[in-house]
Each structure stands twice: as C-alpha cells, then as structure tokens.
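The structure under discussion appears below in the form of structure tokens.
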Amino acid sequence: MASDKPILLIMAAGMGSRYGGLKQMDPVGPDGELILDYSLYDARQAGFERAVIIIKRDMEQDFREILGDRVSRHMQIDYAFQDLTNLPAGFALPSGRTKPWGTGHAVLSAASLVDAPFCAINADDYYGAEAFRLCYDHLAGLTKDTDFAMVGYLLKNTLSETGYVARGVCTLDEQNQLMDIVERTHIISTVDGPMMSDDMHTYTRLPPDTVVSMNMWGFPAVMMEHLKEAFPPFLRKAMVDNPQKAEFFLPTVVDQLLGSEKARVTVHITRDKWYGVTYHQDKGAIEAALLRLAQEGKYPRPLWS
C-alpha cells in the first residue's frame with residue numbers, strides 16, 4: 001500500500017431540493033460557520049491535511065470566497081468539478097437530462113486529484129469529531145486494497161423532527177463487518193421510536209440502535225479504479241431504463257464489490273449525534289447544537305481562531 005496520507009473528499013455539488021436552497025453555503029455556526037467548516041475542522045484535528053471539494057464549476061467562486069483563507073491556512077484545499085457531460089468514451093448526455101449522475105459519479109469526478117486512501121463525505125452533514133478520528137485511523141493503517149471502512153451511526157441519533165428521512169439500514173456480522181445495506185426511503189421519528197414505511201401507509205418499528213450509513217466511507221485509492229470499471233455498465237442500463245433520473249450510487253458499487261469479494265467493509269460505530277439540514281426547519285436544531293458544543297468547549301469561537 002502507498003504511504004500517502006489520507007485525503008478528505010467532500011461531495012458538495014448537490015442543491016438540496018427539499019431544503020429550498022444551496023444548503024452547503026448557509027451559515028449555521030455561532031460565528032457564521034458553515035456545516036462544511038466543522039467537517040474540515042474535525043478532519044484536520046483527526047489528522048487530515050488535504051481536502052478535495054467536489055462542486056459544480058459555477059459554484060467555485062462562491063466556495064473560494066466563503067471558505068477563503070480561514071480554512072486554507074490550516075489545510076490544503078483543492079476543487080474538483082462534477083459535470084453531467086463527463087462521461088466515458090462512447091456515451092453522450094441524454095437529451096433533457098439535468099439531474100446529477102449520483103454520488104459514485106461525484107467521487108469519480110475527483111479521480112485525477114486523489115492518489116491516496118480517502119474518506120468520502122457529504123458537505124451538508126455534521127458528522128461529529130469522533131467519526132473523522134475513526135475514519136482517519138482506519139485509512140492510516142491500511143494494509144490491503146480490499147480493506148474498506150464505513151462510519152455507522154445509531155438511527156436514533158440521525159432522525160429529523162420535521163419530516164421523514166432516507167437511511168441506509170446496515171446488517172453487520174459479529175466482527176462489525178458490513179454484510180448488507182438496504183436503503184429505506186421513509187423513516188420518521190415518533191413517540192414510540194423510529195418507524196419506517198415502504199408504501200407510506202403501513203409502518204414498521206425499527207430499533208433505535210439500528211446502525212445506519214450516513215455516507216461516510218473510507219476507501220483505499222484503488223476505489224477510483226473500481227468506480228471507473230462500474231460506471232459504463234451502469235450507463236448502458238440507465239440509457240435504456242431511466243436515462244433522465246438513474247443515479248450511480250456509491251453504496252451500490254460497494255455492494256457489488258462485497259458480492260464479488262473484492263472488498264471487506266469494517267463498520268466503525270460512533271455514538272455522536274449526526275445533524276443535517278434535510279428541511280429548512282432543521283436549521284434551528286443544528287444552530288442550537290453547535291452553539292451548545294462551543295459553550296461546552298468542544299469547539300473554539302470563532303472556529304478557525
């Protein structure tokens with residue numbers, strides 16, 4: 001394995017339709033910080049020295065202006081661009097397609113900038129400091145190209161009080177190796193605990209300590225080659241089945257690698273609470289949480305002081 005230091009890869013090209021705006025750029029910290037600031041800060045404290053942020057090209061100026069020198073003084077920041085037309089030879093963008101190709105394509109957009117093990121996260125999720133420590137330590141100790149990682153959360157620590165959420169519900173073996181992820185697209189918080197529904201009519205109770213994926217992955221550098229190999233078969237099927245909306249999801253590729261025994265995924269479980277802004281009403285909860293964490297001394301004020 002290469003001895004290069006792990007890289008943080010941040011997927012920030014999505015627009016967040018349910019939220020109602022570009023949530024990645026919305027201040028939530030007590031001194032105007034973005035959620036992204038906290039991910040970068042926690043990652044730097046864990047040992048990451050370089051981050052690659054995946055954005056749409058027309059977002060570059062905003063990101064550079066808003067993140068600015070306050071972050072780049074502490075760690076190297078590079079930008080990669082997710083472009084709908086960035087397709088393998090022999091494929092063309094379907095007429096009328098405006099939807100991004102998904103998280104797998106987003107990560108693939110940064111392939112030319114990533115030559116070391118990397119941690120992939122969403123820009124609009126607050127993961128907590130422990131998650132970055134767990135992922136960095138795993139990546140720093142890699143010995144095999146088949147050694148993958150995922151940071152898992154307890155379902156009760158990831159729910160929104162203002163609407164339903166989608167979560168990847170995980171099945172683990174006794175050694176915390178990932179056996180399966182099933183995407184559950186409608187999970188709600190109730191007084192009786194988390195409930196899920198596949199048809200939005202019949203609900204089934206889920207244990208509060210169910211381990212779920214919040215899209216925080218640790219990969220060896222070879223994952224980029226796996227994505228390059230998996231993208232053309234996906235596109236061939238997508239062009240027939242659903243050319244306007246089909247998405248190339250990162251967990252789907254991981255599942256394929258698990259099935260072909262090209263990967264083993266160790267799940268590191270954090271007890272930290274996850275925060276996100278799926279809905280605009282969620283913003284108040286994360287603002288209050290980040291202020292409380294600063295008051296408890298978990299974060300300095302301002303963050304990059």
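Since every read-out is calculated from the coordinates, none of them should be taken as a lab result. This is a predicted model, so every value here is computed, not measured. FYI the Cβ positions are ideal-geometry reconstructions off the backbone, even for glycines, and counts take in every protein chain you see.
Summary of computed values
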quantity: Point-to-point label distance, GLU229-SER260, nm (Cα→Cβ direction, 7 Å offset); calculated: 0.4
quantity: Estimated dipole of the range 7-295 in Debye, rounded to 20 [Cβ of Lys and Arg +1, of Asp and Glu -1, Cα centre]; calculated: 340
quantity: For the range 169-200 versus the range 49-107, the gap between their alpha-carbon centres in whole angstrom; calculated: 30
quantity: Dipole of the chain, positive end: most advanced residue of ASN242, GLY168, SER213 [Cβ charges, Cα centre]; calculated: ASN242
quantity: The chain: calculated mean residue ellipticity at 222 nm from DSSP helix runs of at least 4, using -39500 (n - 2.57); calculated: -8500 deg cm²/dmol
quantity: Ranking of VAL191, VAL52 by count of other Cβ atoms within 10 Å, fewest first; calculated: VAL191, VAL52
quantity: Simple spin-label estimate for LEU84 and MET179 in nanometres, 7 Å along Cα-Cβ; calculated: 4.2
quantity: Amide hydrogen neighbours beyond the local backbone of ALA80, cut-off 5 Å, H modeled; calculated: ILE53, ILE54, ILE55
quantity: Spin-label pair ASP69/LYS298, simplified geometry with 7 Å Cα→Cβ offset, distance in nm; calculated: 3.1
quantity: Length added when fully stretched, ALA111-ARG205, from 0.36 nm per residue minus Cα-Cα; calculated: 29.8 nm
quantity: Relative contact order of the range 7-295, defined on C-alpha pairs under 8 angstrom at six or more residues apart (%); calculated: 25
quantity: Theoretical FRET efficiency, 1/(1+(r/R0)^6), r = Cβ-Cβ of ALA289 and ARG236, R0 35 Å, to 0.05; calculated: 0.20
quantity: Signed unit charges on C-beta, dipole axis of the chain, positive-most listed residue LEU93, LEU40, PRO27; calculated: LEU93
quantity: √(5λ) per eigenvalue of the Cα gyration tensor, the range 93-229, largest first, Å; calculated: 28, 21, 13
quantity: Kirkwood-type radius of the range 177-305, with distances r between different C-alpha atoms, in Å; calculated: 18.5
quantity: Percent antiparallel among DSSP beta bridges (both partners in the chain, rounded to 5); calculated: 55
quantity: Added length on full extension, which subtracts the Cα-Cα distance from 0.36 nm per residue, ALA166 to VAL222; calculated: 17.3 nm
quantity: Volume of the Cα convex hull of the range 108-178, divided per residue and given in Å³; calculated: 145
quantity: Segment ASP58-ARG271, extension gain: residue separation times 0.36 nm, minus the distance between their alpha carbons; calculated: 73.0 nm
quantity: Taking the C-alpha atoms of the chain, convex hull volume expressed per residue in Å³; calculated: 142
quantity: Span-like helix ranges in the chain, DSSP H, alpha carbon extent 20 angstrom or more, Kyte mean at least -1.0; calculated: 223-241
